[in-house]
1. Determine whether D338 is touching a residue at least 60 places away in the same chain (Cβ under 8 Å), open to solvent by 10 Å² or more (accessible area, probe 1.4 Å) and of a type in the set (D, E, K, R).
2. If S99 passes every condition in (1) surrounded by 12 or more Cβ atoms within 10 Å (Cβ to Cβ); (2) more than 30 Å from R253 (Cα to Cα); (3) at pLDDT below 75 but one, which one does it miss?
3. Give the residue, chosen from V258, V252, V262, V241, that is touching a helix residue (DSSP H, G or I) at 6+ places or on another chain (Cβ under 6 Å) and in the same structural domain as N154 (by the TED database).
4. Which one is farthest from V157 (Cα to Cα), of the residues in segment 208-220 that are modelled with pLDDT under 95 and not small (G, A, S)?
5. Output the strands (runs of 3 or more DSSP E) that fall wholly within segment 140-199 and possess 3 or more residues being under 25 Å from K8 (Cβ atoms) and of a type in the set (A, V, I, L, M, F, W, C), or say none.
6. Could you count how many residues in segment 195-252 are of a type in the set (F, W, Y) and more than 15 Å from the chain's Cα centre (by Cα)?
7. Taking the options A202, A170, A214, name whichever one is open to solvent by less than 20 Å² (accessible area, probe 1.4 Å), closer than 27 Å to Y352 by Cα and among the small types (G, A, S).
8. Any chance segment 304-321 includes a residue that's under 17 Å from L123 (Cα atoms), at pLDDT 90 or above and either assigned by the TED database to the domain that holds L248 or among the hydrophobic types (A, V, I, L, M, F, W, C) (or both)?
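The values are calculated or read from the model by the stated rules, or taken from the named source; none is laboratory data. Fair warning: this is a prediction, and the values are worked out from it, not measured in the lab. We place every Cβ from the backbone using ideal geometry, glycine too, and count neighbours over all the protein chains shown. The area values use the complete protein model at the heavy-atom level, side chains included, leaving out ligands, DNA and RNA. Shrake-Rupley method; radii C 1.70, N 1.55, O 1.52, S 1.80 Å.
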Amino acid sequence: PAVTSPCKILKCNSEFWAATSGAHHLGTEEAPEFCTALRAYAHCTRRTARTCRGDLAYHSAVHGIDDLMVQHNCSKDGPTSQPRLRTLPPGDSQERSDSPEICHYEKSFHKHSAAPNYTHCGLFGDPHLRTFTDTFQTCKVQGAWPLIDNNYLNVQVTNTPVLPGSTATATSKLTIIFKSFQECVDQKVYQAEMDELPAAFADGSKNGGDKHGANSLKITEKVSGQHIEIQAKYIGTTIVVRQVGRYLTFAVRMPEEVVNAVEDRDSQGLYLCLRGCPLNQQIDFQTIRSAQATEGRARRKGPSLPAPPEAFTYETATAKCREKLPVEDLYFQSCVFDLLTTGDVNFMLAAYYAFEDVKMLHSNKDKLHLYERTRDLAPGNMAPSGSPPALWVALLCLSQCWLCLL
């Protein structure tokens with residue numbers, strides 16, 4: 001069954017945006033109307049507080065309301081009806097293109113130095129994580145987890161079980177918070193859920209707000225309801241979000257300087273794109289896949305999983321994945337793993353599009369493919385490209401021999 005969030009913070013955000021469109025053009029005589037809308041916004045967030053406790057967008061809205069109350073000298077007591085204020089006049093920031101230099105990362109941060117080094121992180125499927133350091137992990141991470149948390153933005157994903165009682169999870173919700181930055185952008189929140197991939201921020205806007213460099217942050221819809229791209233030029237960052245089947249995929253290209261822009265490095269232990277998944281959340285990819293190849297779905301060790309809508313054998317899964325992923329790298333292996341675990345052919349497409357995003361976003365074209373690291377290799381070493389990992393083949397042979405002896 002589809003997962004629907006009881007948190008209605010997006011509705012509160014949209015109502016406030018609708019009530020205050022053009023508020024920055026109001027004269028002082030209309031300031032009370034803005035305060036009235038702000039109190040209504042606060043009242044709306046209080047109504048949904050219990051169901052939104054773990055939602056980043058909710059906490060962002062609460063802090064934003066407090067700040068606006070102080071800035072506009074608004075009283076917390078008073079009317080809370082929502083007046084419709086005047087609409088944005090022609091020539092508003094939605095159409096501005098003359099952003100200041102500080103709002104263009106490469107021009108401002110690296111005017112007199114070498115070009116920045118860009119890194120990539122991606123999350124897709126059941127779920128598979130490629131970190132900024134090109135490590136590849138398959139994780140459980142059920143529930144809400146932070147992908148990115150630095151001085152400029154926060155990204156949080158929520159993963160839910162694919163089938164009732166299954167350990168297979170996939171991303172059902174994504175929240176991205178772009179923090180207010182100098183004269184470039186106001187704080188903006190983007191939130192996507194299953195069957196809802198908006199082409200705008202939570203407040204209905206498509207750029208960075210009312211500041212002079214607002215167009216240094218933009219959302220572009222590539223395929224309606226399936227593929228959006230967010231360009232944050234002021235931090236040199238590109239984000240791609242897709243809905244493939246019922247679930248979401250995430251990919252980002254970000255300069256190392258931005259990746260490492262954190263005030264307290266010790267507090268970044270759960271920042272998945274930088275540190276990877278905790279050990280107790282990682283899945284032993286090799287062992288499970290070897291068991292899948294030799295024993296089949298019906299003979300897995302441990303608790304049996306519910307039968308998926310379409311049961312793949314190891315042979316049919318590899319044949320299906322080879323249609324879109326001819327190179328037997330970790331994206332191919334992830335595809336096979338997901339088809340065997342979920343039976344959902346959309347996971348093949350998720351792996352395919354994840355690799356397409358790598359081709360677009362990764363700065364080192366020699367490192368697009370990743371091959372399986374073995375337990376004998378130190379971090380950073382990879383198996384030779386173009387062939388399946390030797391250890392996997394050896395494990396497969398040994399497990400077949402062991403079954404024969406039994």
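1. no
2. Of the numbered conditions (1) surrounded by 12 or more Cβ atoms within 10 Å (Cβ to Cβ); (2) more than 30 Å from R253 (Cα to Cα); (3) at pLDDT below 75, the odd one out for S99 is (2).
3. Details: V252 fails: touching a helix residue (DSSP H, G or I) at 6+ places or on another chain (Cβ under 6 Å); V262 fails: touching a helix residue (DSSP H, G or I) at 6+ places or on another chain (Cβ under 6 Å); V241 fails: touching a helix residue (DSSP H, G or I) at 6+ places or on another chain (Cβ under 6 Å).
One residue alone meets the criteria, V258.
4. Among them, the one singled out is H212.
5. Details: elements: 143-149, 153-161, 169-178, 188-193.
Those strands (runs of 3 or more DSSP E) span 143-149, 153-161, 169-178.
6. First, the residues of segment 195-252 that are of a type in the set (F, W, Y): 201, 234, 247, 250.
Pick out the ones that are also more than 15 Å from the chain's Cα centre (by Cα) and you get 234.
Of the residues in that region, 1 qualify.
7. Numbers: A202 fails: closer than 27 Å to Y352 by Cα; A214 fails: closer than 27 Å to Y352 by Cα.
Within the list A202, A170, A214, the selection yields A170.
8. Step one: list which residues in segment 304-321 are under 17 Å from L123 (Cα atoms), which gives none.
No, there is no match, as no residue in segment 304-321 is under 17 Å from L123 (Cα atoms), at pLDDT 90 or above and either assigned by the TED database to the domain that holds L248 or among the hydrophobic types (A, V, I, L, M, F, W, C) (or both).
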